[in-house]
Amino acid sequence: MHEGLSQEAEKLYLAMLQGAKSEPGAAHEELERLGLVRNHDVRPPRSALAAIASSHEAAAARARETAEVLAAAYAEHGAKEVDFVEVLKDAGEVISAFEEMQSQAKTEIRALDPGSYLSPQPEASPAQPPALARGVGYRVVYESALLQTELGFASVQESIAVGEQARTFPGVPLKLVIADSDRALIAVPTVTGGNVVALLIHPSVLLSALIELFEAFWRMAVSITPGGQEDTQEEPTTATRRLMALLSAGLTDESIARELGVSERTVHRRVSRLQQLLGAQTRFQLGVQASRRGWL
């Protein structure tokens with residue numbers, strides 16, 4: 001679980017919706033803290049979902065600010081004088097470092113991709129397929145605006161097809177690549193503009209902070225599924241908004257089916273589709289993602 005509710009607490013909440021009694025413990029305390037249970041009574045999750053979604057947006061804003069401050073500070077104040085940071089100013093040198101990181105990676109490549117500063121589209125790396133073939137995992141968070149262009153969407157889908165795990169989030173703050181936990185490469189425009197400075201970060205507190213930055217965006221981002229963009233362009237429909245409102249009110253599938261005049265099987269199928277569309281593994285995560293997107 002990574003959307004503000006532990007698996008144990010979520011199971012307890014769903015059980016209490018079906019009439020089960022809650023025993024004192026960590027899961028019950030967590031539900032009370034989030035406002036999902038009060039005096040042993042189950043509460044509708046709408047307000048809790050909104051609060052969690054808001055906290056994620058605030059965390060994203062803080063992460064962006066931190067990334068911008070770090071990048072600007074190192075670009076402007078001579079990062080070349082720090083032994084764990086190398087400044088790369090030549091485009092060929094940057095590309096070479098990027099390819100080398102992938103060819104030497106042993107376990108995983110993690111990346112934030114807002115699009116190239118020199119080109120508006122993401123570009124597939126020729127080093128990716130060989131790395132994937134030898135078992136290196138790829139996790140990439142793309143700027144959501146990239147998926148709104150035909151070339152950007154096609155490039156991301158091509159990477160997914162060869163084994164990359166991809167997610168999307170609005171406002172990705174910088175171009176970042178992390179190889180295992182050994183090196184990171186960030187590229188940002190210079191403070192004066194017009195050029196791009198790339199920083200190669202070796203093991204340090206800064207590298208640890210960049211890893212945490214990536215993981216924060218990965219937790220908040222929405223999964224991209226093969227061919228899934230077409231579905232999101234039509235959402236949320238009126239029917240989806242009504243279904244999400246009923247789910248957030250804490251109704252069971254039986255009650256929702258009765259309210260909508262459909263079968264429980266249809267309700268389950270619609271919920272499963274929305275979970276896949278928004279990259280949510282559970283219904284609680286679905287509610288958080290829907291709230292964050294303004295569907296509630």
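The values are calculated or read from the model by the stated rules, or taken from the named source; none is laboratory data. Just so you know, these numbers come straight off a predicted model, no measurement behind them. A quick note on method: Cβ atoms are made from the backbone with ideal geometry, for glycine too, and the neighbour counts reach across all protein chains shown. For accessibility, only protein heavy atoms count, side chains too; no ligands or nucleic acids. Shrake-Rupley method; radii C 1.70, N 1.55, O 1.52, S 1.80 Å.
So the values come out like this:
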{"read-out": "Residues of region 248-269 satisfying the condition of being of a type in the set (A, V, I, L, M) and either open to solvent by 60 Å² or more (accessible area, probe 1.4 Å) or modelled with pLDDT of 85 or more (or both)", "value": "ILE256, ALA257, LEU260, VAL262, VAL267"}
{"read-out": "Considering residues of region 158-189 that are modelled with pLDDT under 85 and outside any loop (DSSP other than H, G, I, E, B) only, the residue farthest from ALA111 (Cα to Cα)", "value": "PRO189"}
{"read-out": "Residue list for region 166-191, filter: polar (S, T, N, Q) and touching a residue at least 40 places away in the same chain (Cβ under 8 Å)", "value": "THR168, THR190"}
{"read-out": "Hits in region 145-156 - residues which are surrounded by fewer than 18 Cβ atoms within 10 Å (Cβ to Cβ) and either among the basic types (Lys, Arg) or in a helix (DSSP H, G or I) (or both)", "value": "ALA145, GLN148, GLU150, LEU151, ALA154"}
{"read-out": "Qualifying helices (runs of 4 or more DSSP H) (wholly inside region 1-119; at least 2 residues being over 30 Å from LYS175 (Cα atoms), at pLDDT 80 or above and open to solvent by 20 Å² or more (accessible area, probe 1.4 Å))", "value": "26-33"}
{"read-out": "Residue within region 270-292 that is open to solvent by less than 30 Å² (accessible area, probe 1.4 Å) and either more than 18 Å from the chain's Cα centre (by Cα) or among the charged types (D, E, K, R) (or both) present", "value": "yes"}
